[in-house]
Structures are given as C-alpha cells and as structure tokens.
Amino acid sequence: MIPRYDAPPRPGRPYVLRPGVYALLPRAGRVLLTRQAEPGPEIQLPGGGVDPGESPLAALFREVWEETGWTIAAPRRLGAFRRFTWMPEYGIFAEKLCTIYIARPVQRLGPPQEPGHTALWLPTAAAPKALANPGDRTFAARHLR
C-alpha cells in the first residue's frame with residue numbers, strides 16, 4: 001500500500017492521476033533542492049510530472065535539470081507516496097503519485113530552465129524541515145543521515 005500525505009480525497013471530486021518523480025540530491029553535507037516562487041514560494045525536492053510516453057528515469061533527469069540546472073547520476077528508487085491536491089498551474093485536482101529517488105548531483109550546466117525556480121543548497125540536517133510537503137519531509141528525514 002502506498003502511503004498518503006496531506007488531506008484525503010474528497011468524495012465525488014474527480015482527480016487526475018499525475019505520476020511524478022522527485023530526487024533527494026545529497027553532496028558533501030548539503031542537499032540540492034529547488035525553490036519554486038509561484039503559486040506561493042516553497043522549497044521542494046527537484047522533480048515533477050512524467051510526460052506521456054516518457055520513462056520515469058528520463059523524467060527524473062529532465063526535471064532535475066530544468067529545476068536546478070544540474071545533471072545527476074546513479075538514481076536509486078526509495079519509495080512512493082500519494083497526495084490529493086489542487087494544482088493551480090494546470091487547473092486540476094490531482095492524485096499525485098510521487099516516486100522518490102536518491103541520486104548524486106554531478107555537474108551544474110547552468111541556471112534552472114524552469115521559470116520561477118531557483119537551485120538551493122541546504123545543510124543536510126536542515127533540509128527535511130525546510131521542505132513544503134510532508135511526504136518530501138518524511139523521505140528526507142528517513143534517508144538523509
């Protein structure tokens with residue numbers, strides 16, 4: 001059973017299944033995260049939706065690069081969780097199926113390509129508390145030691 005974080009689904013409300021991939025990116029006592037400015041500023045694990053026809057790993061490499069400007073290596077799946085949430089940028093209620101990986105940040109190729117995103121390095125111990133959603137916080141606390 002995949003755990004759920006945040007509010008349960010509301011009866012009668014249709015949700016669009018939105019699979020996504022997200023990465024814990026530790027390096028030298030710090031963790032690479034992304035700060036998203038809109039719809040409200042928050043710190044997140046880099047990642048996002050898997051496009052139709054795209055493999056989860058291809059989406060992970062693409063999303064991390066778009067949101068941080070970094071390439072990654074050696075991704076390893078840690079687990080998954082679900083969230084039922086409003087996604088204002090898409091105008092949908094979504095059942096987000098979030099698969100979490102841990103990977104090694106390798107090289108910065110440039111600034112983030114995704115508008116409104118900023119790459120952010122935080123000390124490993126501070127990262128779990130800084131993350132905006134409880135699923136991300138749980139995985140960070142469990143796997144960043």
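In the range 1-54, what count of residues is obtained for those that are of a type in the set (G, A, S) and either within 12 Å of the chain's Cα centre (by Cα) or under 17 Å from E89 (Cβ atoms) (or both)? So that I can check it myself, show each step before the final result.
So in the range 1-54, the residues of a type in the set (G, A, S) come out as 7, 12, 20, 23, 28-29, 37, 40, 47-49, 53.
Restricting the remaining residues to those that are either within 12 Å of the chain's Cα centre (by Cα) or under 17 Å from E89 (Cβ atoms) (or both) gives 20, 23, 37, 40, 47-49.
Qualifying residue count for the region: 7.
Got a sec? Which strands (runs of 3 or more DSSP E) wholly within the range 32-145 have at least 3 residues that are touching an Asp or Glu at 6+ places or on another chain (Cβ under 7 Å) and surrounded by 15 or more Cβ atoms within 10 Å (Cβ to Cβ)?
So the answer is 70-87.
Filter the range 1-31 down to the residues that are assigned to a loop (DSSP other than H, G, I, E, B) and surrounded by 13 or more Cβ atoms within 10 Å (Cβ to Cβ) and list them by number.
Y5, D6, P9, Y15, L25
FYI, it's all coordinate maths here, none of it is from the lab. The model shown is predicted, which means the values in this text are computed figures rather than measured ones. Neighbour counts run over all protein chains shown; Cβ positions are idealised from the backbone, glycine included.
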